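The values are calculated or read from the model by the stated rules, or taken from the named source; none is laboratory data. No experiment lies behind these values; they were computed from the predicted model shown. A quick note on method: Cβ atoms are made from the backbone with ideal geometry, for glycine too, and the neighbour counts reach across all protein chains shown.
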Amino acid sequence: MGATGEHEEPPGRGRFLIKVGGRPGIPIKVAITDAERRLHDTNTRWATGEQAVEQALARTAADVARAAGEHGTGS
């Protein structure tokens, strides 16, 4: 666990080198979206009813905050 109490990604996850012939590799990083992360979150199955509600509320609040930041008033 990280300092904030959340699980951290292992170093190197999602990082790849595309190699063609004898040339140096092209580094790329693949990241999953929040929707994919929630879809594949196996820990929610083991949460109690109250924990599941709290997790859902936290995700919704984060989604709303992110949407508000992306769609600012522009003034």
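Quick notes on this structure:
- When residues of the range 32-55 are limited to those that are assigned to a loop (DSSP other than H, G, I, E, B) and loosely packed, with under 10 Cβ neighbours inside 10 Å, the one modelled with the highest pLDDT: T33
- Taken over the range 7-30, the criterion of being more than 30 Å from N43 (Cβ to Cβ), surrounded by 10 or more Cβ atoms within 10 Å (Cβ to Cβ) and not basic (K, R) is satisfied by G25, I26.
- Filtering the range 24-60 to residues that are aliphatic (A, V, I, L, M) and either touching a strand residue (DSSP E or B) at 6+ places or on another chain (Cβ under 8 Å) or farther than 28 Å from P11 by Cα (or both) leaves I26, I28, V30, A52, V53, L57.
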